[in-house]
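Visitor: Dropping a structure here in structure tokens format, bear with me for questions.
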Amino acid sequence: MKIIDEQLLDAVTSEARQSPRLRMNYNFHKSLDEKCHRFLNAMEVGTVVPVHHHATKDETFIVLRGKVRLNIYNDQGEVTESVVLCHSAGCYGVDIPRNTWHAVECLETGSVIFEVKEGPFVPHEKDGILNIQQP
């Protein structure tokens, strides 16, 4: 059993702060080939996960601390929905259907989200990334 507590969140946040991408995952799954991926994603302000989609995988985000913005895009790269996830504001998470273009932006230092999606891990092919300009 692995307990998700402040100590774990602080450790992953510390690693994120030292990473050039300003984010760090902590995987609960043992292998990238597993059928269900469960992980923490610690992010710092300046982190933007590019617009992408998973053609065959639904994805769920739950914010454990901090604040992040999630944008949903159409095929032309236009934002169609936007939500700020913030535990203290009572907006805890989202469930994103497969084949939905989305991006995540960290709005508060020390933000950590819990993510769940189907495995195995497959690096994004060219058609999995939407090539648009982001702020």
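The values are calculated or read from the model by the stated rules, or taken from the named source; none is laboratory data. Just so it is clear, the structure is predicted and the values come from calculations on it, not from any experiment. Neighbour counts run over all protein chains shown; Cβ positions are idealised from the backbone, glycine included. To get the accessible areas, we keep the full protein, side chains included, count just its heavy atoms, and leave off ligands, DNA and RNA. Shrake-Rupley method; radii C 1.70, N 1.55, O 1.52, S 1.80 Å.
Visitor: Taking the residues in the range 40-55 that are small (G, A, S) and surrounded by fewer than 18 Cβ atoms within 10 Å (Cβ to Cβ) as candidates, determine which candidate is nearest to D10 (Cα to Cα).
Guide: G46
Visitor: Report yes if some residue within the range 67-83 is modelled with pLDDT under 95, among the hydrophobic types (A, V, I, L, M, F, W, C) and within 24 Å of L9 (Cα to Cα); otherwise report no.
Guide: No - not one qualifying residue is present in the range 67-83.
Visitor: Right, another one. Filter the range 28-55 for residues that are aliphatic (A, V, I, L, M), assigned to a strand (DSSP E or B) and closer than 18 Å to E108 by Cα and give the result.
Guide: Correct list: L40, A42, M43, V48, V49.
Visitor: G110 versus (1) in contact with a helix residue (DSSP H, G or I) (Cβ under 9 Å, 6 or more places away or on another chain); (2) open to solvent by 80 Å² or more (accessible area, probe 1.4 Å): which is the lone unmet condition?
Guide: (2)
Visitor: If a residue must be assigned to a strand (DSSP E or B), open to solvent by less than 30 Å² (accessible area, probe 1.4 Å) and under 19 Å from F39 (Cβ atoms), how many such residues does the range 56-80 contain?
Guide: Residues that pass the stated criteria total 5.
Visitor: For E15, work out the one condition from (1) open to solvent by 50 Å² or more (accessible area, probe 1.4 Å); (2) closer than 13 Å to S111 by Cα; (3) outside any helix (DSSP H, G or I) it doesn't fulfil.
Guide: (3)
Visitor: Output the number of the condition that K117 fails; it satisfies all remaining conditions of (1) assigned to a strand (DSSP E or B); (2) surrounded by fewer than 17 Cβ atoms within 10 Å (Cβ to Cβ); (3) at pLDDT below 95; (4) not β-branched (V, I, T).
Guide: Failed condition: (2).
Visitor: List every residue pair whose Cβ atoms lie under 9 Å apart, where the two residues are 6 or more positions apart in sequence or sit on different chains, the first residue falls within the range 13-41 and is free of Cβ contacts under 8 Å to residues at least 24 places away in the same chain and at negative phi, and the second residue, located anywhere, is polar (S, T, N, Q) and open to solvent by 60 Å² or more (accessible area, probe 1.4 Å).
Guide: From the range 13-41, the pairs are M24/Q18.
Visitor: What number of residues in the range 76-100 are out of contact with any strand residue (DSSP E or B) (no Cβ under 7 Å at 6 or more places or on another chain) and without any contact (Cβ under 8 Å) to a residue 40 or more places away in the chain?
Guide: Residues meeting the conditions: 6.
Visitor: While we're looking at this one, here's another question. Say whether the condition of being surrounded by 14 or more Cβ atoms within 10 Å (Cβ to Cβ), assigned to a loop (DSSP other than H, G, I, E, B) and in contact with an Asp or Glu (Cβ under 7 Å, 6 or more places away or on another chain) is met by at least one residue in the range 20-27.
Guide: Yes - at least one qualifying residue is present in the range 20-27.
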